[in-house]
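Contents: one structure, followed by commentary.
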Amino acid sequence: MAEVKVSDSEWEIMRVIWTQGDVTAQKVIDALADEMHWKDATVKTLLGRLVKKGMLSTTRDGKCFIYHPLVSEKETVKSATETLFAHICARKMGHALADIIERAVLSKEDVALLEQVLQEKTAVDEVACDCIPGQCECNDHCHASKA
């Protein structure tokens, strides 16, 4: 999947559509009414943006449009995660992952999965920094800038 930037509001819309499947704008409005307090026009604008981004398609059913997801939640989350981690120094990746895990509420099944992944992971002695000089505090960048 190509990287698509999705706003927080668009994520809320997509979560409804991933859960409910093919839906009308009204179904999305009803699902989010109590929590988001958005006007109908706001939801319709967000749906239109998601169609333009290629995340949704539409079919007409009488006077209504039915919105269909074109991307899965799994692939969208994976893309968002890859985008996030692309902005973190490789040397800080372990700490970032540990922080995420520490903050997350996890089931026993989730913990078992993470333990399995870590058991199968091949560790290296040292992780090389992948930042552009000046983007992080790694020692090799400090020495390179003084040379």
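The values are calculated or read from the model by the stated rules, or taken from the named source; none is laboratory data. Keep in mind it's a predicted model, so treat the numbers as computed, not measured. Cβ sites come from the backbone with ideal geometry, for glycine too, and all protein chains shown count toward neighbours.
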Exclusive hit being closer than 26 Å to residue 4 by Cα and either of a type outside the set (Val, Ile, Thr) or out of contact with any strand residue (DSSP E or B) (no Cβ under 6 Å at 6 or more places or on another chain) (or both), set 106, 84: 84
Whichever residue in the range 70-107 is assigned to a helix (DSSP H, G or I) and polar (S, T, N, Q) and, among such residues, is farthest from residue 121 (Cα to Cα): 76
Any hit, the range 60-76, residues being exposed (fewer than 12 other Cβ atoms within 10 Å of the Cβ), assigned by TED's automatic domain parsing to the domain that holds residue 122, acidic (Asp, Glu) and within 19 Å of the chain's Cα centre (by Cα): no
Cross-chain or 6+ apart pairs with Cβ under 8 Å, the range 93-106 first and closer than 19 Å to residue 136 by Cα, then assigned to a helix (DSSP H, G or I) and of a type outside the set (Ser, Thr, Tyr): 93/85; 96/85
Conditions (1) of a type outside the set (Ser, Thr, Tyr); (2) modelled with pLDDT of 95 or more; (3) over 30 Å from residue 19 (Cβ atoms); (4) not in a helix (DSSP H, G or I); number of the one not met by residue 130: (2)
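Residues are listed down the side, and each one gets a yes or a no for (1) more than 21 Å from residue 114 (Cβ to Cβ); (2) aliphatic (A, V, I, L, M):
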residue	(1), (2)
48	yes, no
62	yes, no
70	yes, yes
80	no, yes
86	yes, yes
90	no, yes
94	no, no
97	no, yes
Residue count for the range 6-30, restricted to those that are under 21 Å from the mean Cα position of the chain (by Cα) and not in a loop (DSSP other than H, G, I, E, B): 14
Top-ranked residue in the range 77-103 [being of a type in the set (A, V, I, L, M, F, W, C) and under 18 Å from residue 18 (Cβ atoms); ranked as surrounded by the fewest Cβ atoms within 10 Å (Cβ to Cβ)]: 77
